[in-house]
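Remarks on the structure that follows.
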Amino acid sequence: MSFFGLESELILPTFQQQLVAIVFALLLLALIIFLAVRRVFAEAYSMLWLLTGLAILLLSVYPESLAPVSALTGIVEASSILFLFGIVFLLVICLFITAVVSQQKMKITKLSIRLALLENRIEGTMEQCRKST
């Protein structure tokens, strides 16, 4: 096959490998839907994971759709391309989660400072009330 003027020699998975990938993708989708219905994660994350699960299912059903990526990268094993996608996806998720955790840490620090200031103010007010009575 030729894509973008590059030749692709994509090695497709066997029927058994493809069947295992499809079953895995369906189980993953079922888990994602279960967690989304139980509202375990926010809607935006639910959509992200749902789209990821659908992409995995589509790539499992139609592994030949990886041929353009194979032509561009020189990777000939369809499963290797899927692993590459998985690793990149997990790295992006890790970066995103790191950003969210960092933002939450800053918010918690600000809230802790504000709470300490409010407690100090309340103690000062209580002290003034005790002195005035």
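The values are calculated or read from the model by the stated rules, or taken from the named source; none is laboratory data. Fair warning: this is a prediction, and the values are worked out from it, not measured in the lab. Quick reminder, even Gly has a Cβ in these numbers, built from the backbone with ideal geometry, and neighbours come from all protein chains shown.
Report, by residue number, each residue of the range 55-68 that is of a type in the set (A, V, I, L, M, F, W, C), surrounded by fewer than 17 Cβ atoms within 10 Å (Cβ to Cβ) and over 21 Å from the mean Cα position of the chain (by Cα). Lay out the reasoning, then the answer.
Just the residues of the range 55-68 that are of a type in the set (A, V, I, L, M, F, W, C), to begin with: 55-59, 61, 66-67.
In the following step, the residues that additionally are surrounded by fewer than 17 Cβ atoms within 10 Å (Cβ to Cβ) were identified as 55, 58, 61.
The answer is V61, and nothing else.
Restrict the check to the range 82-95 and report whether at least one residue is over 13 Å from the mean Cα position of the chain (by Cα), closer than 28 Å to Y45 by Cβ and of a type outside the set (F, W, Y). Quick ask: steps written out before the conclusion?
Our first condition is that a residue be over 13 Å from the mean Cα position of the chain (by Cα); within the range 82-95, this holds for 82-84.
Pick out the ones that are also closer than 28 Å to Y45 by Cβ and you get 82-84.
Going one step further and asking which of them are of a type outside the set (F, W, Y), we end up with 82, 84.
Within the range 82-95, one or more residues are over 13 Å from the mean Cα position of the chain (by Cα), closer than 28 Å to Y45 by Cβ and of a type outside the set (F, W, Y).
Considering only the range 14-54, state which residues are closer than 16 Å to F85 by Cβ, under 14 Å from the mean Cα position of the chain (by Cα) and either in contact (Cβ under 8 Å) with a residue 12 or more places away in the chain or surrounded by 14 or more Cβ atoms within 10 Å (Cβ to Cβ) (or both).
Hits for the range 14-54 are L28, L48, W49, T52, G53, L54.
With respect to the numbered conditions (1) at pLDDT 90 or above; (2) touching a helix residue (DSSP H, G or I) at 6+ places or on another chain (Cβ under 8 Å); (3) loosely packed, with under 13 Cβ neighbours inside 10 Å, which one is the sole condition not fulfilled by E7?
So E7 meets the others, but not (1).
Among the residues of the range 55-86, what is the count of those that are without any contact (Cβ under 8 Å) to a residue 12 or more places away in the chain and more than 18 Å from P13 (Cβ to Cβ)?
Qualifying residue count for the region: 1.
Out of A71, A116, which single residue is in contact with a strand residue (DSSP E or B) (Cβ under 7 Å, 6 or more places away or on another chain) and either surrounded by 10 or more Cβ atoms within 10 Å (Cβ to Cβ) or not in a loop (DSSP other than H, G, I, E, B) (or both)?
Details: A116 fails: in contact with a strand residue (DSSP E or B) (Cβ under 7 Å, 6 or more places away or on another chain).
Result: A71 is the single residue among A71, A116 that is in contact with a strand residue (DSSP E or B) (Cβ under 7 Å, 6 or more places away or on another chain) and either surrounded by 10 or more Cβ atoms within 10 Å (Cβ to Cβ) or not in a loop (DSSP other than H, G, I, E, B) (or both).
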